[in-house]
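Visitor: Got a structure for you, written out below as structure tokens; questions coming shortly.
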Amino acid sequence: MAKLIVCGCSLSADSINLPGTGYGHQTARRLGWDVEILARPGCSNGGIRIQIDEVLRQRPDFAIVAPTFCDRIEIPANTEPYDWIQDPNLPDHIRKEVATGYDRAAGIDNINYGTNPYRMICENIVTLAENRDNPYRIGKIDKDTQSAIKQYINHMYDANWKRQQDEWIMRDGLMQLFYSGIPFLVIAGDLWNTGNIRQAIPWVVDDRYLTMDWQETPEYAIYKWPFEGTDPGYHGSPIGQEYLAEIYAEKIRNWQYAS
């Protein structure tokens, strides 16, 4: 059976309390396809780039990729602190590959999905700085890490530079998909809006790969059909997810016809 994979953050993830209602599942049902939702609430663009690597590994029939906000970072789930008193060789410590952080061979298990043996935490800077509970972390981060994130915000974080880095990261992943021959759709709205996504992606990637109409985005669906009561996770109503699924399923059908 054909397969769809969905990459992104909460806007593309399925609901915990209303499972199967996210646009990914609903799109797949309309197509009669299998689906795998790699999107995870709070995920960073670095984490979504790792999701794209999983798409490249699996080679599904189609992928939907929704970049996220640039106010998210990646930190190792465990660290190997430098001994500033006993160890004089700081360059060696900085350059050595340790067994506690990112591992290319671990693939999707680098990302914190909650119960997997994750090696990285890909999350909103705010939730880390405030050390909030998170269902996609085993527990709270330690106080030293929380303090370091606060100092990063105070002294090192630059929103414009972070956005530029995220754009490079996501553009690389999308171009890897393009040259691999895997058809995909990029959902505008967070990192790139519908007004600038065309300028952000190289023109060799033609318009059918991009959503350039605000009414094709999760943000529009949330605006048009806000959730009532408990947030299902994708921050809108299931009706809005049905609306998006109709649009995305039709785009995929048109893609197949054009191919």
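Just so it is clear, none of the values below were taken in a lab; they were calculated from the coordinates. These figures come from a predicted structure and were not determined experimentally. Neighbour counts are summed over all protein chains in view; Cβ atoms, including those assigned to glycine, are modelled from backbone coordinates with ideal geometry.
Visitor: Conditions first: (1) of a type outside the set (Ser, Thr, Tyr); (2) over 25 Å from residue 212 (Cα atoms); (3) touching a residue at least 40 places away in the same chain (Cβ under 8 Å). Residue 83 passes all but one, so which condition is the exception?
Guide: It is condition (3) that residue 83 fails.
Visitor: Can you tell me which of 150, 162 is of a type in the set (D, E, K, R), closer than 29 Å to residue 79 by Cβ and more than 21 Å from the chain's Cα centre (by Cα)?
Guide: Just one listed residue meets the conditions, 150.
Visitor: So, one more: In this structure, is residue 171 over 26 Å from residue 19 (Cβ atoms), of a type outside the set (A, V, I, L, M) and within 19 Å of the chain's Cα centre (by Cα)?
Guide: Spelling it out, residue 171 is indeed over 26 Å from residue 19 (Cβ atoms), of a type outside the set (A, V, I, L, M) and within 19 Å of the chain's Cα centre (by Cα).
Visitor: While we're on this one: Of everything in region 133-145, what is basic (Lys, Arg) and loosely packed, with under 13 Cβ neighbours inside 10 Å? Give them in sequence order.
Guide: 143
Visitor: Could you look through region 169-200, keep only residues that are assigned to a helix (DSSP H, G or I) and free of Cβ contacts under 8 Å to residues at least 12 places away in the same chain, and pick out the one that is nearest to residue 255 (Cα to Cα)?
Guide: So, considering only residues that are assigned to a helix (DSSP H, G or I) and free of Cβ contacts under 8 Å to residues at least 12 places away in the same chain, the one nearest to residue 255 (Cα to Cα) is 179.
Visitor: Can I ask one more? Select from region 26-50 the residues that are part of a helix (DSSP H, G or I), in contact with a strand residue (DSSP E or B) (Cβ under 6 Å, 6 or more places away or on another chain) and surrounded by fewer than 24 Cβ atoms within 10 Å (Cβ to Cβ) and list them in ascending order.
Guide: 46
Visitor: Right, another one. Filter region 201-214 down to the residues that are in a helix (DSSP H, G or I) and touching a residue at least 12 places away in the same chain (Cβ under 8 Å), then identify the one that is surrounded by the fewest Cβ atoms within 10 Å (Cβ to Cβ).
Guide: Residue satisfying both the conditions and the ranking: 208.
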